[in-house]
Structure formats: structure tokens, C-alpha cells
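The structure appears below as C-alpha cells.
The values are calculated or read from the model by the stated rules, or taken from the named source; none is laboratory data. Remember, predicted model here, so these are calculated numbers, not experimental data. Reconstructed Cβ throughout: ideal geometry from the backbone, glycine too, with neighbour counts over all protein chains shown.
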Amino acid sequence: MCFRDTLALPDGRRQVENTLIPLFDAQDRVQRVIYIVHDITQRLRRESQEVVRTEVFDLLSAGVDLHEVLARVVMFAEISRPDLLSAILLPDAERTCLESCIAPSLPEVFLQAVEGSTISESADVFGRSAYLKMPETVANLLDHDLGSACHVLALASGLVTCWVIPILDSSDELLGIFAFFRDRAGQPDAQDQATMDQACQMARLVMERRRTEAHIRYQANYDSLTGLPNRTLLNVRLAGMLCQSKQLALLYIDIDNFKEINDTLGHHQGDQMLELVARRLRLLVSKDDLVARMSGDEFIAILSNVTHAESTAEALRMALAGDYEIGHSNVWASVSIGIALYPEQARDMDELLSNADQALFAAKAAGRNCLRIFDEAMREKIQLRVRLASDLRTALKAEQLSVHYQPIIDLFSGQVIKAEALLRWEHPELGQVSPEVFIPIAEETGAIHEIGNWVFREAARVAMQWNHQELTEDSVLRRISVNRSPRQFFTREGCDDWLAHLHDQGIPGEVLGVEITEGLLLDDRPDVMRQLTAFRSAGIAISLDDFGTGYSALSYLKKFDIDYLKIDRSFVQDIVSTEGSRAIVESIASMAVRLGMQVIAEGVEEPAQAEVLTAIGCRLAQGYLYARPMPEQAFMAFAAAEIETPTLR
């Protein structure tokens, strides 16, 4: 027979297990009883400790509130040493005060007295231990000032002694403090100390793991650079807002020309720019609304006030446009904003984001530093763009692409001595697609590389055929120039494919030219200079297209060897009626002669324009006055004829 009992002994209560073993005689009569008493206090305590320990880490894994988990740690300490009462005090984020106390067994008045205690060298025992990160001992709680947490606790509970131990992480940073109390004076014995050490270690593990989990959650949901919600958290919050709100306005915000800022100043300064923009956005957007960083230089603002969405967006645009102090530089920047409304313009989150993105694209296309509100016309344009991007990938193999050639006339001789190769796309369903529409798509999708190489090979073939036909008459080389996208300069192959093709086919570079834009000259990457030098070394002429409409940095004309300047049609159109345009064209022509370059006037459509160009010494012209771009055979026939044109006498 076994049973358990509790014994009250001078040194404390004991849990015992009693076993009675009867001894029988031959007639099965009880003669004696053996009474065995086992002290099972420590065993039961260890079992209870293990139960609580398991509970602590189960609750921690389940994501239960930190205070509830720490309350189990306090219970672990009190089970281990029943004559001890315990408390864990946690500091605020700034480590200036003890803002919360977990002490299930202590009176409420103590919690009220200790919470908010300052952390300083002159504070009470709790705040001082937290400040110094050193253990503290209080021999008699009543010795403390009247009204202090220690004094309040002594009066309310009869506790006498207190030991305070700071809980520090592996970097010696304060996590909290563990306080142990007893109702009699004295120093902790070895078992007391072991219990305190185990409890502090358990509390440290709990708080470090919870902090690590919080850090992981933060990294998963917040942008590490700006501190704004990232795309993941944006999707979660936006989904919740759509369920709760009847109306929302989503603003898609993008920093204009951020790539140039990043490339010019460096990524570190670019990151500073993003931080400054994020800071302004936080200040400008209401606390009830949401700001997030979507990716790169793109931000999202979600407004609950749809009525004033456009005016709010305009205020944001104006506030974000301006100077930003980055390092030792002041950088001016602006933003473009696309706006979409829910539920008026979208049925769900994906459609809302997509529509705002389309509106942003429209704002960019309108010249940047502006805003646009989504409408159905934008959707149709985007759908067409997506379709064209898909169809363009197969257009070359399907033989839908062709190269047309626009003659360039020598105004003095009337001969066609140059031509520009121009790409055309005959879509099987949409008909002729404008190059202004599909060339940017080809650049964005990367299709420009394959297509551009094909155009070059076609132009090289036609140039050889043209020169074989003409060399028998005047021995003057005719050139066909090919537009080369800036994207084509920044590939691994660079210009090697083009030069290799000429070498393999035995085609001299002198029958070809490459047309580039002014923007490319501003890219000071060594590879640009290397490729342009390689082209000229192979005999290929370099033409600078649309001169006068871009950056027109004259210093780059000295840095790079340019053979031809092509004056943009916007100046040529007004050359007869506007003195300013004539003066610009005349200045460009004069400068080009001094720099050893030739000038080609683009967009010549009227005889009067040709006469003025001839008068100011511009020898070469291109435009509808002479011919539109034409297929290969038509061009070859046209080039064989002589054009009547005004001649300088």
C-alpha cells in the first residue's frame, strides 16, 4: 500500500511517499508492518520543473505573447525554490525605464510601484542594477524610502530580502532584470543560486529567441533601407484595407531619372536619396494612410480620402520635387505619380496596382514630373504594348520585318551618296506598326539585339550591292548608315558581332555608318569609347543623330571622333520662317566644318528649305522632298537617277 503526504518540518515542508508492507504468519495473519517513508520533494520538484520548462518552449514556439511565456519562467523559479517569489522587469525600447513587470505571485501594488522606474545610477535597486548591469542585493526591503517599490512590497507581502540579477544578451546588452524575494533575511545558498542562474538563463533564451523572431519578421515585412513596409507587407495590408474600406486611392510614385543619379553619384548616394524621399513621404502622408517601398525607386501611397486624391498627389509631387542634400552635393530630383481608384477603376488588389502602374507609365511618357489618373485608354495602350512585345519576338522569323532605305542627297551634285537604313514592321493583323511604337518595346524586351544585328547585316549586303553598281561610274563610295541603340553598346559582345560579319563577308567598313544619339556620348563608360573607336578603325563612319534636341554638350564632340552631325528636323522645318532656327543651323554647320565634320539636314520637305540650306553651306539633306524610306529595289532604282536640286554657285 502506497500513499503520499506532506510533512511540516522545521526546515520546510516535505513531500513524502509512504509505503506499508504487511508481514504475515503461516495463518495469513498480519504479524508486523514495515513502514517506509521516501522524501520525494526533489523528485516532484524536478518533474514540475521539467513540465514548466517544456511549457515555456512550447509557448515560445507557438508564438504566444512574450509576457505570458516569461510568466512561466517566473513559475519555473518559484517551483524550483518554493520559498522564493520572483519577478521579471522589462525595459522600454530606449532603455530609459522599466516599463513592465511580470510577477504573477506578487501583489498588484508592487507592479504599480515598480513599472515606470527609471534606469539610472541613482535609481532604486531595480533601475540601478539595469543601468550598471550588475547584480544587487537588498538585505531589508523596509530600509528603502517610504513609497518606493521595495518598501511597498515589504508592507504588502512581508517579504524581507531581495536579489536582483540583470539579464544580458550575448553582446552584453540589457534584456531585463530578474528579481528574487524571500520572507526572511540571509544570503542565497547553493540551491538558491543554481535556481537563479537557471531561471535567468531560461529568460535570456526566451527573450533572445523572441527578439530574433521579431527581427526576422521585420526583415520579411519592412524595407531595410527606408524602414517602410515592403511589397510583402503592402500586399497584406492592402488586402485588409480593401476588405474594410469602400474607397481607396493608390498612388504609384517613381523617382525620375533615378538610374542616372545612381550611376553618376554612386549607389551609396543613391541609397541616401531613397532614404530622404521615404522620410518626406512619411511626413506628408496621413497616419491613417499607408506608405510602402515597392522596389528600387518605386513607392506606394494608399489614401483613404479618395475625394482629394488628385490634390494630395499633386501636393506630394510638388513636395518631393526639389533639392536633396546628398553627401557634399545638392541633387535636384522630381517624381512621377500614377493614380488608380478602388472600386471605381479596379476590382481587386492586383488590378488596382496594375492600373496605377499604367497611369505611372503614362506620366513618364508625358515628360515626367507630373501625375496621371488611370483611364481605360491607358489599359488599351498597355494591352497593345504587351501584345506587340509578344508578337515582336517572332516577327523576324515570320519575315514581317523589313529594311527600308531613305536617300541622303548631295545638294551640290544632286547625287544620292548616302542612305539611312530604317526598320519597318508589317503586322499580319495590325498592319504597319510605327517604329516610334515598336522600337522602344524592342529595347525594353531585349529583342533589339537580334533585330539590330539583322538590320546591320541587311544594310551591309545592300551597301555592297549599291557600291558594285556605282563604282563603275565615279569610284565614289556610297554609305548606308544603321541606327545602333544604346542598349546594343552594353552587351557582352559589344561591336564584335558587326565587325566579325564584315570580316567574314569581306565587306569594307567604308560603305557603312553607325548612327548614335547624343545621350550615348554622356555615358562615360570606357566600353562606349572602345566600340566607337573600333567602328572608326574599321572605316565605319559615326553619325550623331537628332543633334540639337538632346544634351548638345559640345565638349563631347571633341572627346569623340564624329563624322556627321544630323541636324534635327525641328530646326529645319522653321529655317525659312524663323531667324532663330536659321541661325542655329548656320552655327552648327559652321562649327562642324571647323571640327572636320559634315552636316546632314533631316526633315527637308520644301524646296525653300533646301535653298536656305545650300546657301548656308549645308551640303547633305534627307527628307520627303526627295524621297520617303523605300524598299531595297525601289531604293536602288532611285539612287541610280540624278536629283535636280539647288546648287551653290
Test each condition in (1) within 30 Å of R43 (Cα to Cα); (2) surrounded by fewer than 21 Cβ atoms within 10 Å (Cβ to Cβ) for S170 and report the one that comes out false. (1)
Would you point out the residue of region 280-311, among those that are in contact (Cβ under 8 Å) with a residue 40 or more places away in the chain and either of a type in the set (K, R) or farther than 23 Å from V236 by Cβ (or both), that is surrounded by the most Cβ atoms within 10 Å (Cβ to Cβ)? R293
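Could you pull out the residue among L411, L396, L401, L392 that is in contact with a Cys (Cβ under 9 Å, 6 or more places away or on another chain) and in the same structural domain as P435 (by TED's automatic domain parsing)? Outline the logic, then answer.
Working: L396 fails: in contact with a Cys (Cβ under 9 Å, 6 or more places away or on another chain); L401 fails: in contact with a Cys (Cβ under 9 Å, 6 or more places away or on another chain); L392 fails: in contact with a Cys (Cβ under 9 Å, 6 or more places away or on another chain).
Only one candidate passes the filter, namely L411.
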Name the pairs: first residue in region 361-389 and touching a residue at least 12 places away in the same chain (Cβ under 8 Å), second residue basic (K, R) and assigned to a helix (DSSP H, G or I), Cβ to Cβ under 7 Å, at least 6 apart or on different chains? L371/R317
T472 meets each of (1) closer than 24 Å to I417 by Cβ; (2) modelled with pLDDT of 90 or more with one exception, condition (2)
Restricting attention to region 435-448, does a residue exist that is in contact with a helix residue (DSSP H, G or I) (Cβ under 6 Å, 6 or more places away or on another chain), in a strand (DSSP E or B), at pLDDT below 95 and among the aliphatic types (A, V, I, L, M)? no
Taking region 399-429, which residues are without any contact (Cβ under 8 Å) to a residue 24 or more places away in the chain and under 39 Å from the mean Cα position of the chain (by Cα)? E429
Would a scan of region 136-150 turn up a residue that is of a type in the set (D, E), part of a loop (DSSP other than H, G, I, E, B) and under 38 Å from the mean Cα position of the chain (by Cα)? no
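If you take just the strands (runs of 3 or more DSSP E) that sit entirely in region 1-93, which of them hold at least 1 residues that are closer than 24 Å to D183 by Cα and modelled with pLDDT under 75? Write out each step before concluding.
Numbers: elements: 2-9, 12-24, 30-39, 85-91.
So the answer is 2-9, 12-24.
Mind checking which residues of region 508-537 are buried (at least 18 other Cβ atoms within 10 Å of the Cβ), at pLDDT 90 or above and either in a helix (DSSP H, G or I) or touching a helix residue (DSSP H, G or I) at 6+ places or on another chain (Cβ under 8 Å) (or both)? Full working, then the answer.
If we filter region 508-537 for residues that are buried (at least 18 other Cβ atoms within 10 Å of the Cβ), which is where we start, we get 509, 511-518, 520-521, 528, 531-532, 535.
Checking the rest, the ones that are also at pLDDT 90 or above come to 509, 511-516, 531-532, 535.
Once the filter is applied, which keeps residues that are buried (at least 18 other Cβ atoms within 10 Å of the Cβ), at pLDDT 90 or above and either in a helix (DSSP H, G or I) or touching a helix residue (DSSP H, G or I) at 6+ places or on another chain (Cβ under 8 Å) (or both), region 508-537 yields G509, V511, L512, V514, I516, Q531, L532, F535.
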Considering only residues that are hydrophobic (A, V, I, L, M, F, W, C), closer than 23 Å to I261 by Cβ and in a loop (DSSP other than H, G, I, E, B), which ones fall in region 295-316? none
For L153, are the conditions met, namely being in the same structural domain as M196 (by TED's automatic domain parsing), under 24 Å from R13 (Cβ atoms) and in contact with an Asp or Glu (Cβ under 7 Å, 6 or more places away or on another chain)? no
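Residue under question is S336, and the condition is that it be surrounded by 21 or more Cβ atoms within 10 Å (Cβ to Cβ) and closer than 23 Å to N235 by Cα; does it hold? Can you show your working first?
Details: surrounded by 21 or more Cβ atoms within 10 Å (Cβ to Cβ): yes; closer than 23 Å to N235 by Cα: yes.
Considered against the rule, which asks whether it is surrounded by 21 or more Cβ atoms within 10 Å (Cβ to Cβ) and closer than 23 Å to N235 by Cα, S336 comes out as yes.
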In region 237-256, how many are surrounded by 12 or more Cβ atoms within 10 Å (Cβ to Cβ), assigned to a helix (DSSP H, G or I) and either out of contact with any helix residue (DSSP H, G or I) (no Cβ under 7 Å at 6 or more places or on another chain) or of a type in the set (S, T, Y) (or both)? 2
Return the residues of region 177-196 that are outside any loop (DSSP other than H, G, I, E, B) and either modelled with pLDDT under 90 or surrounded by 12 or more Cβ atoms within 10 Å (Cβ to Cβ) (or both); say none if nothing qualifies. I177, F178, A179, F180, F181, R182, Q191, D192, Q193, A194, T195, M196
Within region 86-117, which residues are touching a Cys at 6+ places or on another chain (Cβ under 9 Å) and under 19 Å from E173 (Cα atoms)? I88, L89, L90, P91, S117
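Determine whether A93 is surrounded by 11 or more Cβ atoms within 10 Å (Cβ to Cβ), within 29 Å of T118 (Cα to Cα) and not hydroxyl-bearing (S, T, Y). It would help to see each step written out before you state the result.
On the way: surrounded by 11 or more Cβ atoms within 10 Å (Cβ to Cβ): no; within 29 Å of T118 (Cα to Cα): yes; not hydroxyl-bearing (S, T, Y): yes.
No, not satisfied.
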Look at R211 and say whether it is assigned by TED's automatic domain parsing to the domain that holds D350, within 30 Å of L283 (Cβ to Cβ) and surrounded by 14 or more Cβ atoms within 10 Å (Cβ to Cβ). no
Would you mind listing the helices (runs of 4 or more DSSP H) fully within region 569-619 where at least 1 residues are assigned by TED's automatic domain parsing to the domain that holds P629, closer than 14 Å to F547 by Cβ and within 45 Å of the chain's Cα centre (by Cα)? 569-573, 579-594
Do you know which residues across region 257-275 are more than 12 Å from D297 (Cβ to Cβ) and either hydrophobic (A, V, I, L, M, F, W, C) or part of a strand (DSSP E or B) (or both)? L265
Can you say whether A199 is within 26 Å of E115 (Cα to Cα), buried (at least 21 other Cβ atoms within 10 Å of the Cβ) and within 46 Å of the chain's Cα centre (by Cα), as far as the supplied structure shows? yes
